[in-house]
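Okay, structure first, notes after.
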Amino acid sequence: MNKISQYIKEVRAELHKAQWPWNAEETGFKRYKELWNSSVIVIVAMLLVGGYIAFFDFITINVVSFLTRP
């Protein structure tokens, strides 16, 4: 049990040394502003790339089916 508590103390100490993507003085939703903005950018980029791939997949399927029609 002593090893587990020592491990937890060391983990907490290392986590306090880490630089987090938010300001520790901020409270509430403002604290996670940078994290929220980054998440929104990633989601928008995923939607754009997914739409791009879906569009060209649709075009390719139609062209191939047109060319291989008897």
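No lab work stands behind these numbers, since they all come straight from the coordinates. The structure displayed is predicted, hence computed values, not measured ones. Counting neighbours? That spans all protein chains shown, and the Cβs are built from the backbone with ideal geometry, glycine included.
Relative to the longest principal axis of the Cα atoms of the chain, helix 2-17 runs at roughly 70 degrees. Taking 0.36 nm per residue of separation and subtracting the Cα-Cα distance, full extension of the segment from Val49 to Glu25 would add 5.0 nm. Only one item in (1) 21, 12, 11; (2) 50, 20, 7; (3) 18, 11, 10 matches semi-axes √(5λ) of the Cα gyration tensor in Å derived from the coordinates shown, and that item is (2).
Under a model in which nothing but the beta-carbon of Lys, Arg (+1) and Asp, Glu (-1) is charged, the stretch 23-70 shows a dipole of about 140 debye around its Cα centre.
The GluC sites (Glu not before Pro) found in the chain that occupy coil by DSSP, while having at most 14 further C-beta atoms within 10 Å, are Glu25, Glu26.
In the chain, helical runs assigned H by DSSP with n ≥ 4 each contribute -39500 (n - 2.57); averaged across all residues and rounded to the nearest 500, the mean residue ellipticity at 222 nm is -26000 deg cm²/dmol. Here Lys9 is the anchor, and the lysines within straight C-alpha reach of less than 19 Å, apart from those fewer than 8 places off in the same chain, are Lys17. Which of Thr60, Ile41, Tyr7 sits farthest toward the positive end of the charge dipole of the chain, with +1 on the Cβ of Lys and Arg and -1 on the Cβ of Asp and Glu? So the residue furthest toward the plus end is Tyr7. Seen against the Cα atoms of the chain and their longest principal axis, helix 33-67 is set at about 20 degrees. For the stretch 1-22, the residues whose backbone nitrogen is under 16 Å from a point 7 Å from the Cα of Asn37, taken along Cα to Cβ, are 20-22.
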